[in-house]
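Trainee: The following block contains the structure, expressed as structure tokens.
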Amino acid sequence: MDDPVVITAVASGEVDTAELWRAHAAGAEGRRDVNKWTHELPERIAELAGRALAGAGADPAATGCVVGSVYGSGHVAETIRARLDAGARSSLAPESFVYFNAHGVTSLICLRHGLGGHCATILGPGAGLQALAAGRRGLRRAADAPVLCGAYEMLSPAAARALGTEPVTGWAAFLVLETAARARGRGARVLARLGPVETYAPPGAPPADVRATAPLAALAAALTGDDAAAEVTVAAAGRRHGYRCTAHREE
């Protein structure tokens, strides 16, 4: 694609999952709070996504959405198994499943903000930068349609142990990508030009930092800080590949 890809908005913030995991650990006594936080935390993620969309001022009906996460299937498995073991089958109502699976969060973002473009969810270490790569590919298919790219953390303690890492702090970060021509055509403010997402050989050991949000949050901070460098490179290591990307800040 000859037309450069640019970032027209960013949003990043904490989504504290500590109370959710405490409620899980409490068993049946914590089930009410599990329901509460399992509902509220995805809404907080959607709120942050909405902040990025509002900053870009793009048409939601034409906007796509690609979200990465290390979510952790342990979250789903722990919840469902505990409730089945306790005989609480009625609490697994189908309408609650939007909050109990990774793509449900992506779907929630689309529903809350009326996004009408393509959407996808990417899981695993490095998923945040993979989401940027997928968003760039989406612009090749529909150059006049912006893409909301983001990442969030909902990694359960059990899933963290399975990945050989400490539990990660809840966070979410989002960027809006579009072509430079489209951004200029609608008079949008351009924060930075985004280079391609490149792969490299990862270190031999599993990644010490599995947060999908880390590189996107770093980009958001770099593009909104007053003393930011003109160029910022972020990287993340997955299981098979490392990923890195450079953004060139607009003056």
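The values are calculated or read from the model by the stated rules, or taken from the named source; none is laboratory data. Note that the structure is predicted; figures quoted are calculated from it, not measured. Quick reminder, even Gly has a Cβ in these numbers, built from the backbone with ideal geometry, and neighbours come from all protein chains shown. Quick note on the areas: whole protein, heavy atoms, side chains included, nothing else; ligands and nucleic acids left out. Shrake-Rupley method; radii C 1.70, N 1.55, O 1.52, S 1.80 Å.
Trainee: Using r as the Cβ-Cβ distance of ALA61 and ALA28, and R0 as 30 Å, what FRET efficiency do you calculate, to the nearest 0.05?
Mentor: Taking R0 as 30 Å, the efficiency between ALA61 and ALA28 is 0.10.
Trainee: Something else: Would segment 127-235 count as rounded, prolate or oblate if I go by the C-alpha gyration tensor, calling it rounded below 1.5 in a/c and otherwise prolate when a/b exceeds b/c, oblate otherwise?
Mentor: Because a/c hits 1.5 or more and a/b exceeds b/c, segment 127-235 counts as prolate.
Trainee: Long-range amide H contacts for GLY124: which residues qualify at under 5 Å (H placed 1.01 Å from N, peptide plane, sequence gap of 5 or more or a different chain)?
Mentor: It is SER69, VAL70, TYR71, by chain and number.
Trainee: Just the number please: accessible area per residue for segment 4-66, 1.4 Å probe, all protein chains included, in Å².
Mentor: Details: 2660 Å² over 63 residues.
Solvent-accessible surface per residue comes out at 42 Å².
Trainee: Here's a follow-up. Using the crude model of +1 on Lys and Arg Cβ and -1 on Asp and Glu Cβ, and no other charge, please compute the dipole size for segment 16-68 relative to its Cα centre, in debye to 20.
Mentor: On the way: 6 positive and 8 negative charges, 21 e Å.
Result for segment 16-68 is approximately 100 debye, rounded to the nearest 20.
Trainee: With a 1.4 Å probe and all protein chains left in place, how much accessible area per residue does segment 145-216 have, in Å²?
Mentor: Here the residues of segment 145-216 average 40 Å² of exposed surface.
Trainee: Accessible surface of HIS118 in the full protein assembly, 1.4 angstrom probe, to the nearest 10 Å²?
Mentor: 70
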